[in-house]
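Enquirer: Let me give you the structure first, and then I'll get to my questions.
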Amino acid sequence: MARTGFFKDHVLPILTVVLAILIVWHVFVVILNAPFEYDQAARAGTPTSFMEVLPKTFAQERPVLPAPHQVVAELWDTTIDKPITSKRSLVYHAWITLSATLLGFAIGTVLGIVLAVGIVHNRAMDRSLMPWVIASQTIPILAIAPMIIVVLNSIGIAGLLPKALISTYLSFFPIVVGMVKGLRSPEQIHLDLMRTYNASGAQVFWKLRWPASMPYLFTSLKIAIAISLVGAIVGELPTGAVAGLGARLLSGSYYGQTIQIWAALFMAAGLAAILVGIVGMAHSQVLKRMGARP
Amino acid sequence: MPLSNETVVRAEELGLTFQTNDGPVTALTGVSLDIRKGDFVSFIGPSGCGKTTFLRIIADLEQPTAGRISVNGMTPEQARKARAYGYVFQAAALYPWRTIEKNIALPLEIMGFSSAEKKERIERTLALVNLSGFGKKYPWQLSGGMQQRASIARALAFDADLLLMDEPFGALDEIVRDHLNEQLLKLWAATRKTICFVTHSIPEAVYLSTRIVVMSPRPGRVTDVIESTLPKERPLGIRDTPEFLEIAHRVREGLHAGHIHED
């Protein structure tokens, strides 16, 4: 009973959507790739029919839109068949990007929490800092990413850290906004209670504000980890990086390797899903330990 | 029937005027009152009569703008820092991420009690409010009445002699409220604390109190102070006796007079 319910409520809707996407995808493979085949036939001077073109649209070397099976084959080839130390292994590139993502996410989380604590506890910081935090996010990341890399390179910092800092630049924002809200979430009555006990500021923070902010923190962390990954990939794009998913996307577009681009895109999406999933599991674990209603 | 002559709270011509955008609002004016050790004093009146404000001034949660007040011979701030009182709010205000026993442990943690003493006090106060065995539950697993009892246990845990209660049973249904009133009287008899109790229910005020302070709004002030003549032993049935009804009548008259004055 419960199992059929699970299948009906959770698996079936997802499968339906996946199936719909696959159908639309196949249709567009034919529509987008067929003109190239007709061109080829016209140049060779051989008349061709739709039924002859159809199978060819699924087997082009540089299709406008690769067929799903081509992307899967490429993913398989570059993850399972290649040793992960190889420069052609997608796992290797994903790891490069992941390490920058995680470092940037960690720095962004700490920075975001520290700023939020300052903003909540200090009026001057509240007034002066919050507008800048918001303004920082109005600058296009693509514009500022090369600047960060160039500036840091000139003072001798290269490699992982500059990319991670671009992730930090994106990920600290949702943490600040979420934590400011979370640290201010305790009701007046809960704060009054602390006052009747003559509790110190540190006690109010650790025993009330911090635990009360946990749901807000984890919601922010989910957003932050996803955009950290975006930041790391974007950090690799305009900077001529030689490794990482961003570099893979870039070299793919240089050489018209659409299959490679799509494989890297799917790798990035899968990575994002796993990262968000891990944060989500941590979220429910923490809430469970905090006695949340199941 | 004062149990002793020692004064716990003394207010003289106490007043509080809030500055709002619509001009000053007088929440409380000219309140002079002595609360003696061991008293059970109820403050009754319609909304806006300043009964909660008065309680919050005693607790140093609001600052008076006129008159003088002392708590245990000290200023309210000194008394608060000396942890002279336990406060029970309108809502239970339990921290949802703490179990009941951890909630009761909260003031003990803040005040630096040893873990052995914490354990002993948690068990003792849980027994006092009839919640033994519920220590490991989370607040949401308990009914509203049980939650409010847990919040009373929390206020009792650090043995302050003064208990300030702001409409603690206001949100509960009448059957639960009757039951909790009965338990509160037993608890008061057992612990000999001084209790200040804010309510808007006449039967509740008369049933519980040794003294009833009747207040009226605009501006908030005291219109009558009634010494209860009821015996200390009070079964729930006492509410049908002529003596009880007479006191209730006087409270009602006091409330009514306040309203006529308003017109």
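The values are calculated or read from the model by the stated rules, or taken from the named source; none is laboratory data. All figures in this text were calculated on a predicted structure; none of them were measured in a lab. In this analysis, Cβ positions are derived from the backbone assuming ideal geometry, glycine residues included, and neighbour counts consider all displayed protein chains.
Enquirer: Picking from B:Glu204, B:Glu243, which residue would you name as being crowded, with 19+ Cβ neighbours inside 10 Å and not small (Gly, Ala, Ser)?
Expert: After ruling out the rest, the residue left standing is B:Glu204.
Enquirer: Considering only residues that are free of Cβ contacts under 8 Å to residues at least 60 places away in the same chain, at the interface with chain A (Cβ under 8 Å from one of its Cβ atoms) and part of a loop (DSSP other than H, G, I, E, B), which ones fall in segment B:84-135?
Expert: Of the residues in segment B:84-135, the ones free of Cβ contacts under 8 Å to residues at least 60 places away in the same chain are B:92-93, B:95-127, B:129-135.
Now restrict to residues that are at the interface with chain A (Cβ under 8 Å from one of its Cβ atoms): B:93, B:95-99, B:106-107, B:109-111.
Hits for segment B:84-135 are B:Ala93, B:Tyr95, B:Pro96, B:Trp97, B:Arg98, B:Thr99, B:Met111.
Enquirer: Hey, another quick one. State which residue pairs qualify: first residue assigned by TED's automatic domain parsing to the domain that holds A:Gly246 and inside segment A:272-285, second residue crowded, with 17+ Cβ neighbours inside 10 Å and of a type in the set (Lys, Arg) in any location, beta carbons under 7 Å apart, and separation of 6 or more residues or different chains.
Expert: Going by the 7 Å Cβ cut-off, the qualifying pairs are A:Val276/A:Lys222; A:Val279/A:Lys222; A:Gly280/A:Lys222.
Enquirer: State all residues of segment B:7-61 that are closer than 17 Å to B:Ile195 by Cα, touching a Gly at 6+ places or on another chain (Cβ under 7 Å) and charged (D, E, K, R); if no residue qualifies, say none.
Expert: Residue satisfying the conditions is B:Lys51 alone.
Enquirer: Continuing with this model, one more query. Can you confirm whether segment B:32-44 contains a residue that is over 28 Å from B:Pro231 (Cβ atoms) and touching a Ser or Thr at 6+ places or on another chain (Cβ under 9 Å)?
Expert: Quick first cut of segment B:32-44, residues over 28 Å from B:Pro231 (Cβ atoms) only: B:32.
Within this subset, residues satisfying the condition of being touching a Ser or Thr at 6+ places or on another chain (Cβ under 9 Å) are none.
No, because not a single residue in segment B:32-44 is over 28 Å from B:Pro231 (Cβ atoms) and touching a Ser or Thr at 6+ places or on another chain (Cβ under 9 Å).
Enquirer: Going by the structure shown, is A:Leu65 under 22 Å from A:Gln260 (Cβ atoms) and in a helix (DSSP H, G or I)?
Expert: Considered against the rule, which asks whether it is under 22 Å from A:Gln260 (Cβ atoms) and in a helix (DSSP H, G or I), A:Leu65 comes out as no.
Enquirer: A further question on this structure: For A:Leu221, are the conditions met, namely being modelled with pLDDT of 90 or more, of a type outside the set (Lys, Arg) and touching a helix residue (DSSP H, G or I) at 6+ places or on another chain (Cβ under 6 Å)?
Expert: Yes, satisfied.
Enquirer: Quick check on my filter: what residues within segment B:73-83 are surrounded by fewer than 20 Cβ atoms within 10 Å (Cβ to Cβ) and either within 11 Å of chain A (Cβ to nearest Cβ) or not aliphatic (A, V, I, L, M) (or both)?
Expert: Correct list: B:Gly73, B:Thr75, B:Glu77, B:Gln78, B:Lys81, B:Ala82, B:Arg83.
Enquirer: Looking only at segment A:202-214, which residues are facing chain B (nearest Cβ under 10 Å) and either among the aliphatic types (A, V, I, L, M) or in contact (Cβ under 8 Å) with a residue 40 or more places away in the chain (or both)?
Expert: The answer is A:Val204, A:Leu208, A:Pro211, A:Ala212, A:Met214.
Enquirer: Still on this structure, I have one more. Is there a residue in segment A:175-185 that is among the hydroxyl-bearing types (Ser, Thr, Tyr) and out of contact with any strand residue (DSSP E or B) (no Cβ under 8 Å at 6 or more places or on another chain)?
Expert: yes
Enquirer: Kindly indicate which of A:Leu191, A:Leu265, A:Leu229, A:Leu287 is buried (at least 18 other Cβ atoms within 10 Å of the Cβ) and assigned to a helix (DSSP H, G or I).
Expert: That would be A:Leu229, the only listed residue that is buried (at least 18 other Cβ atoms within 10 Å of the Cβ) and assigned to a helix (DSSP H, G or I).
Enquirer: Given (1) surrounded by fewer than 16 Cβ atoms within 10 Å (Cβ to Cβ); (2) part of a helix (DSSP H, G or I); (3) not assigned by TED's automatic domain parsing to the domain that holds A:Ala272, identify the lone condition not met by A:Leu75.
Expert: It is condition (1) that A:Leu75 fails.
A quick yes/no check of all residues on (1) within 13 Å of chain B (Cβ to nearest Cβ); (2) within 18 Å of the chain's Cα centre (by Cα):
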residue: A:Ile139; (1), (2): no, no
residue: A:Ile144; (1), (2): no, no
residue: A:Val150; (1), (2): no, no
residue: A:Gln188; (1), (2): yes, no
residue: A:Leu237; (1), (2): no, yes
residue: A:Arg248; (1), (2): no, yes
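Enquirer: I need the full set of residues from segment A:151-175 which are among the hydroxyl-bearing types (Ser, Thr, Tyr) and either surrounded by fewer than 14 Cβ atoms within 10 Å (Cβ to Cβ) or not assigned by TED's automatic domain parsing to the domain that holds A:Gly104 (or both), in order please. Talk me through it step by step, then tell me what you get.
Expert: Our first condition is that a residue be among the hydroxyl-bearing types (Ser, Thr, Tyr); within segment A:151-175, this holds for A:154, A:167-169, A:171.
Across segment A:151-175, the qualifying residue is only A:Ser154.
Enquirer: Moving to a separate point now. Any residue at all in segment B:247-263 that is touching a helix residue (DSSP H, G or I) at 6+ places or on another chain (Cβ under 8 Å), in a loop (DSSP other than H, G, I, E, B) and either of a type in the set (Lys, Arg) or more than 24 Å from B:Ile122 (Cβ to Cβ) (or both)?
Expert: Looking through segment B:247-263, none of the residues is touching a helix residue (DSSP H, G or I) at 6+ places or on another chain (Cβ under 8 Å), in a loop (DSSP other than H, G, I, E, B) and either of a type in the set (Lys, Arg) or more than 24 Å from B:Ile122 (Cβ to Cβ) (or both).
Enquirer: Looking at A:Val242, A:Val279, A:Val286, which one is touching a helix residue (DSSP H, G or I) at 6+ places or on another chain (Cβ under 9 Å), away from every other protein chain (no Cβ under 14 Å) and modelled with pLDDT of 90 or more?
Expert: The unique qualifying residue is A:Val279.
Enquirer: Select from segment A:31-49 the residues that are farther than 24 Å from A:His69 by Cβ and surrounded by 11 or more Cβ atoms within 10 Å (Cβ to Cβ) and list them in ascending order.
Expert: A:Ala42
Enquirer: Taking A:Arg248, is it crowded, with 19+ Cβ neighbours inside 10 Å, modelled with pLDDT of 95 or more and charged (D, E, K, R)?
Expert: no
Enquirer: A follow-up question, please. Kindly indicate the residue of segment B:59-72 that is in a loop (DSSP other than H, G, I, E, B) and farther than 16 Å from A:His190 by Cβ and also farthest from the other protein chains (Cβ to nearest Cβ) among those meeting that condition.
Expert: So, considering only residues that are in a loop (DSSP other than H, G, I, E, B) and farther than 16 Å from A:His190 by Cβ, the one farthest from the other protein chains (Cβ to nearest Cβ) is B:Thr65.
Enquirer: From A:Phe28, A:Phe6, which residue is aromatic (Phe, Trp, Tyr), surrounded by 11 or more Cβ atoms within 10 Å (Cβ to Cβ), assigned to a helix (DSSP H, G or I) and modelled with pLDDT under 90?
Expert: Just a single option satisfies the conditions, and that option is A:Phe6.
Enquirer: Mind listing whichever residues of segment B:147-169 are more than 12 Å from the chain's Cα centre (by Cα) and surrounded by fewer than 24 Cβ atoms within 10 Å (Cβ to Cβ)?
Expert: B:Gln147, B:Leu156, B:Phe158, B:Asp159, B:Ala160, B:Asp161
Enquirer: Also, quick follow-up: Among (1) part of a loop (DSSP other than H, G, I, E, B); (2) surrounded by fewer than 20 Cβ atoms within 10 Å (Cβ to Cβ); (3) among the small types (Gly, Ala, Ser); (4) within 14 Å of chain B (Cβ to nearest Cβ), where does A:Ala199 come up short?
Expert: (2)
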